[in-house]
Amino acid sequence: MPQNIKGIISKVNRSEVASIKSVVSGIIRVINDPESTANDLIEVVEVDPPLMGKVLKVANSAYYSPVNKIGDLKHALVWIGLDTLKELALSQKVYDIFEGNKSINGYSRNRLWKHCVAVAKLSKMIFRKEFGEKGTNAYVAGLLHDIGIIVEDHFMSDEFKKIVGRASAEEKNLPILEKEVFGFNHAEIGMALTKSWGLPQELSVAIGYHHKPLLVEPSSTRLTSTIYVSEILSKKCNTNYSDIASEDDQLFTKCISALGIDPNALNLILEDVRKELAAMHKQGLF
Amino acid sequence: MKGNEYIKKLEDKILLFEMRAKHLSNELRVTKQEYESSTNNYFDLLSSLEKKVQDRTSELNSAKRVLEVKSHELEIMLDLSPTMICYKDRDHRYIRVNKKFAKFLGVPINQIIGKTHSELFTAGKSKILNDDSEVFETGEAVFNKTGSIQTSVGQKSILVDKIPYKDENGKVISIIAFIQDLTILEKAEKEKSELQERIVRAEKMEAIGLLAGGFAHDCNNILGGIMGYIEMALMKMSSDDHNQKLLKASLESVDKLAQLVQDLLTLARRGVIKTSVLNLNDVVSSFLQSSIYTRIKTYNPGIKVNVDLEPDLMNMVGKQVHLDKTVMNLVTNAAEALPNGGTITISTENQYVDSPINGYDLSIDEGEYVVLSVSDNGTGIAAEDMNRIFEPFYSTKVMGKSGTGLGMAVVYGTVKDNQGSIDVHSIEGIGTTFKLFFPITREKTVRKKTSLPMKSYIGNGQKVLIIDDVKTQREIASDILSQLGYCVATVASGEEAIDYVKNNPADLLVLDMIMSPGIDGLDTYRKILEIRPKQRAIIASGFSESDRVKECERLGAGQYISKPYTFEAIGVAVKNELNRSFPAMT
């Protein structure tokens, strides 16, 4: 079944997967607009009652342990903060297409989701602790970086299952097998899809090059490298799927030196994220 | 442990601490940024919340105002409704009542609300307003229920319509009752029938008057003939003829008949006597000096007459002769009500009526009146006779004993002719009071001319043409005027008169108004004026001073005289007209 990316993307955009498009791009627009206010976010979320319900459910969970029951987004905003609320809303929406527990050779949508969340958290933490920046875009890029895998899972599931099996048996990285079977990999699908959704160029590039982070323009390397580093680190977080079977230590070392991060510092960050993820897991947020 | 190794480990630890310090300081910096932007966001959020609260508050306020206006409108509608209205809940308690209903119960609205009718009035039964279960159970309206309820001013009978008010599920949650006060309706019904009775009475009197007037017209012509011939016979007789006595006696009888006809004419409301400004005190005074009054006093020695006249009595406009008769008839009647003696009181007064009062037939309107009262403490009038006392020839007395039978009818006609009103109160065995109300005038009375001696109206050979379709009338007039020294000619119709005048000038026409067949007095006069523009004339008629008579007067005819002719009346009229300077035609 020879297919090209364009065909896949138009198929996706006619399917249910695209139902997250408007809300996801809306939230990302709010995140990237320095002039935006809390009301802008609320407006985006309010048009999606199921999402609002999920957001409020999480905001009311023991993880955030509000004093009084949170009844609306404004209350949630005051309690958990605008930036957290943005991330929460985005992740809850993206999760729509990651739902599913069916396991094949260590892969399941749920485990892929955990992987994405871990990458998102790690990337954000690197930005915050190492660069002293908010890192919300790093979080978004981390959350969406493997969206191409989900597309394969949804639209090319037979081949995808085989590839996943082979990757596990042959200890091969997923992109190599994808290239072999489809002629393109999940990073390229993700980049094309997010471009077609009109997401910021920076994000599409970070998604498209997260397996070859140094092959982009210097201005983009910091984000692509961070995603790559986080991808490798995430393997050390429990119960999570990884599309990288054999690590390229050389690339990893190049990346952290390009980012100017001491490996020990990465360990500190990893420790913090693991604790946070463990806490979230404990509260049933995973 | 070697010193180098130890130092290396220490360095590692320091490095780790440095990293932690770096992480913490970065985290702090970002958190600070987030905190700042959050603060701004909270501020935005709060101010937009505040605005929302303001918007919502003003929305609520305007909705509240609309509701207030609607509720006020409803309140006004409820209170202006001529029907009494109340709302009651399932427990028969008043939820809302209009002012009219509260007024009817005689209880302030705030004391009615929340109570059942029997809680309001523990005494007496008011089942009709206490029990609405029929409407609540069936859900159907109930109309025209009558019953009696207790109010603070006693039992009242009412008519009730009860309409169920249902919620969206069709369950009756309250009833709306529309209540009418039957006592008011009953009173209005009674007033209506009374008014109808009075109108019937007035119409009946009017019809009788017309009949009598028609009769009097013909009668006068006949009487004129009889009187004229008797007078002529008397004149031609020698004074020692014993038949003179018989003729004089028959003349007296005819005179009585003439009186009766005169009374009838009064009833016709077209009496030939002109109105003048007069004072009722003068009328009463002249009656007290009359022979009739003397006769009453003589025949009824047990009767005492009190006279109480208002010294400053206002004048009125009326017909002197009729008022004389009215006073006479009332006093005569009063005297007849006192067969065993008693007191008659005649009084006059000024009275201002400031709101209409019910009279004998029609109501007496607001205005200034002079009032003549004649009362007696005699037998009184039985209630069943009250409706008929003014009818001609209606009497409880023995016919022929007194009066013409038209006395009270004359009183009635006189009052009506003068735009007056009558009020009668009578209690059997206690007495009767008649009150006559006449509208006042502020004109002064005219001093009455004293009648002229016969010499003053003797003629001087002037030519007089008498125009009358009745032969006897022509002969009488001709005879009187010949004797008074006029040169008289007669014709029997208007057409003949016109022919006559063409060739024979006449100083004066005596023109009968109503002639048949042929043209009447007015048309005759018009034609003659074409031939002789300054032709003098007097109009004679046995009937009335009609519009056509008035038109003749406008054209230049002089004094109007009534039939039957008397020496004095026709003599004075002819003389006056001949002496009068002819008025310019208008």
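Show me the strands (runs of 3 or more DSSP E) entirely contained within the range B:410-512 in which 1 or more residues are exposed (fewer than 13 other Cβ atoms within 10 Å of the Cβ).
Fully inside the range B:410-512 and qualifying: B:421-427.
Which residue is modelled with the lowest pLDDT, if the candidates are limited to the range B:58-95 and must be over 38 Å from the mean Cα position of the chain (by Cα) and under 19 Å from B:Ile158 (Cα atoms)?
Filtering the range B:58-95 for residues that are over 38 Å from the mean Cα position of the chain (by Cα) and under 19 Å from B:Ile158 (Cα atoms), the one modelled with the lowest pLDDT comes out as B:His92.
Count, please, the residues in the range A:83-108 that happen to be over 21 Å from A:Ala278 (Cβ atoms) and assigned to a helix (DSSP H, G or I).
Of the residues in that region, 9 qualify.
Just to be sure, is B:Ala177 surrounded by 11 or more Cβ atoms within 10 Å (Cβ to Cβ), over 35 Å from the mean Cα position of the chain (by Cα) and without any contact (Cβ under 8 Å) to a residue 60 or more places away in the chain?
Taking the combined requirement at face value, the residue does not satisfy it.
In the range A:57-82, how many are crowded, with 20+ Cβ neighbours inside 10 Å and in a helix (DSSP H, G or I)?
6
Can you tell me which residue in the range B:53-85 is farthest from B:Ile179 (Cα to Cα), limited to those that are of a type in the set (Ser, Thr, Tyr) and in contact with a strand residue (DSSP E or B) (Cβ under 9 Å, 6 or more places away or on another chain)?
B:Ser81
Residues are listed down the side, and each one gets a yes or a no for (1) free of Cβ contacts under 8 Å to residues at least 12 places away in the same chain; (2) loosely packed, with under 12 Cβ neighbours inside 10 Å; (3) assigned to a helix (DSSP H, G or I); (4) under 31 Å from the mean Cα position of the chain (by Cα):
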| position | (1), (2), (3), (4) |
| --- | --- |
| B:Glu189 | yes, yes, yes, yes |
| B:Ser193 | yes, yes, yes, yes |
| B:Arg198 | no, no, yes, yes |
| B:Arg201 | no, no, yes, yes |
| B:Leu211 | yes, no, yes, yes |
| B:Cys219 | no, no, yes, no |
| B:Tyr229 | no, no, yes, no |
| B:Leu234 | no, no, yes, no |
| B:Asp240 | yes, yes, no, no |
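Which residue is modelled with the highest pLDDT, if the candidates are limited to the range B:106-130 and must be touching a helix residue (DSSP H, G or I) at 6+ places or on another chain (Cβ under 8 Å) and polar (S, T, N, Q)?
The qualifying residue modelled with the highest pLDDT is B:Gln111.
Would you pick out the residues in the range A:101-135 that are surrounded by fewer than 19 Cβ atoms within 10 Å (Cβ to Cβ) and more than 26 Å from B:Leu24 (Cα to Cα)?
Result: A:Asn101, A:Lys102, A:Ser103, A:Ile104, A:Asn105, A:Gly106, A:Ser108, A:Arg111.
Before we move on, is B:Lys256 within 48 Å of the chain's Cα centre (by Cα), at pLDDT below 80 and among the basic types (Lys, Arg)?
Yes.
Give A:Asp272, A:Asp248 a once-over and let me know the one that is within 14 Å of chain B (Cβ to nearest Cβ) and either of a type outside the set (Lys, Arg) or more than 17 Å from A:Tyr139 (Cβ to Cβ) (or both).
A:Asp272
Quick one: which residue in B:Asn4, B:Asn26 is within 27 Å of A:Pro263 (Cα to Cα), touching a helix residue (DSSP H, G or I) at 6+ places or on another chain (Cβ under 9 Å), free of Cβ contacts under 8 Å to residues at least 60 places away in the same chain and assigned to a helix (DSSP H, G or I)?
After ruling out the rest, the residue left standing is B:Asn26.
Evaluate the following for B:His23: is it in contact with a His (Cβ under 8 Å, 6 or more places away or on another chain) and either within 26 Å of B:Pro164 (Cβ to Cβ) or surrounded by 12 or more Cβ atoms within 10 Å (Cβ to Cβ) (or both)?
Judged against the criteria, B:His23 is not a match.
Within the bounds of the range B:43-53, is there any residue that is within 14 Å of chain A (Cβ to nearest Cβ) and in contact with an Asp or Glu (Cβ under 7 Å, 6 or more places away or on another chain)?
no
Against the conditions (1) more than 14 Å from chain B (Cβ to nearest Cβ); (2) under 18 Å from the mean Cα position of the chain (by Cα); (3) surrounded by 17 or more Cβ atoms within 10 Å (Cβ to Cβ), where does A:Ile8 fall short? Just the number, please.
Every listed condition holds for A:Ile8 apart from (2).
Does A:Glu159 meet the test of being without any contact (Cβ under 8 Å) to a residue 12 or more places away in the chain and acidic (Asp, Glu)?
It is false that A:Glu159 is without any contact (Cβ under 8 Å) to a residue 12 or more places away in the chain and acidic (Asp, Glu).
Please specify each residue of the range A:159-183 satisfying the condition of being within 27 Å of A:Gln92 (Cβ to Cβ) and either touching a helix residue (DSSP H, G or I) at 6+ places or on another chain (Cβ under 6 Å) or not in a helix (DSSP H, G or I) (or both).
Correct list: A:Phe160, A:Leu174.
From the residues in the range A:83-92 that are surrounded by 23 or more Cβ atoms within 10 Å (Cβ to Cβ) and within 12 Å of another protein chain (Cβ to nearest Cβ), which one is farthest from the chain's Cα centre (by Cα)?
The extreme case among them is A:Leu85.
Residue by residue through the range A:41-56, note down the ones that are surrounded by fewer than 18 Cβ atoms within 10 Å (Cβ to Cβ) and in contact with a helix residue (DSSP H, G or I) (Cβ under 9 Å, 6 or more places away or on another chain).
A:Glu43, A:Glu46, A:Val47, A:Pro50
Could you tell me whether the range B:55-69 includes any residue that is of a type in the set (D, E, K, R), within 26 Å of A:Asp40 (Cβ to Cβ) and within 14 Å of another protein chain (Cβ to nearest Cβ)?
No, there is no match, as no residue in the range B:55-69 is of a type in the set (D, E, K, R), within 26 Å of A:Asp40 (Cβ to Cβ) and within 14 Å of another protein chain (Cβ to nearest Cβ).
Could you list all residues from the range B:12-39 that are more than 8 Å from chain A (Cβ to nearest Cβ) and within 30 Å of A:Asp40 (Cβ to Cβ)?
Selection gives B:Leu28, B:Thr31, B:Lys32, B:Tyr35, B:Glu36, B:Thr39.
Residue by residue through the range A:114-158, note down the ones that are more than 14 Å from every other protein chain (Cβ to nearest Cβ), in a loop (DSSP other than H, G, I, E, B) and of a type in the set (D, E, K, R).
If the condition is that a residue be more than 14 Å from every other protein chain (Cβ to nearest Cβ), in a loop (DSSP other than H, G, I, E, B) and of a type in the set (D, E, K, R), then A:Asp146 is the only one that fits.
Where in the range B:274-367 are there helices (runs of 4 or more DSSP H), lying fully within it, with 3 or more residues that are within 24 Å of B:Gly380 (Cβ to Cβ) and in contact with a helix residue (DSSP H, G or I) (Cβ under 9 Å, 6 or more places away or on another chain)?
B:291-299, B:320-336
Within the set of pairs 6+ apart or on separate chains, which have a first residue in the range B:44-69 that is under 14 Å from A:Asn39 (Cα atoms), a second that is in a helix (DSSP H, G or I) and basic (Lys, Arg), and C-beta atoms under 8 Å apart?
The qualifying pairs are B:Leu45/A:Lys74; B:Leu49/A:Lys74.
Would you check if there is a residue in the range A:216-229 being touching a Cys at 6+ places or on another chain (Cβ under 6 Å) and in contact (Cβ under 8 Å) with a residue 40 or more places away in the chain?
Yes, some residue in the range A:216-229 is touching a Cys at 6+ places or on another chain (Cβ under 6 Å) and in contact (Cβ under 8 Å) with a residue 40 or more places away in the chain.
Could you list, in sequence order, all residues of the range A:244-281 that are charged (D, E, K, R), in a helix (DSSP H, G or I) and under 17 Å from A:Lys129 (Cβ atoms)?
Matches in the range A:244-281: A:Glu271, A:Asp272, A:Arg274, A:Lys275, A:Glu276.
Looking at the range B:374-408, which of its residues are crowded, with 17+ Cβ neighbours inside 10 Å, modelled with pLDDT of 80 or more and outside any loop (DSSP other than H, G, I, E, B)?
B:Val374, B:Ser375, B:Asp376, B:Met408, listed by residue number.
The values are calculated or read from the model by the stated rules, or taken from the named source; none is laboratory data. For clarity, every value in this text was computed on a predicted model and none was experimentally measured. Positions of Cβ are backbone-derived with ideal geometry, glycine not excepted, and every protein chain shown enters the neighbour counts.
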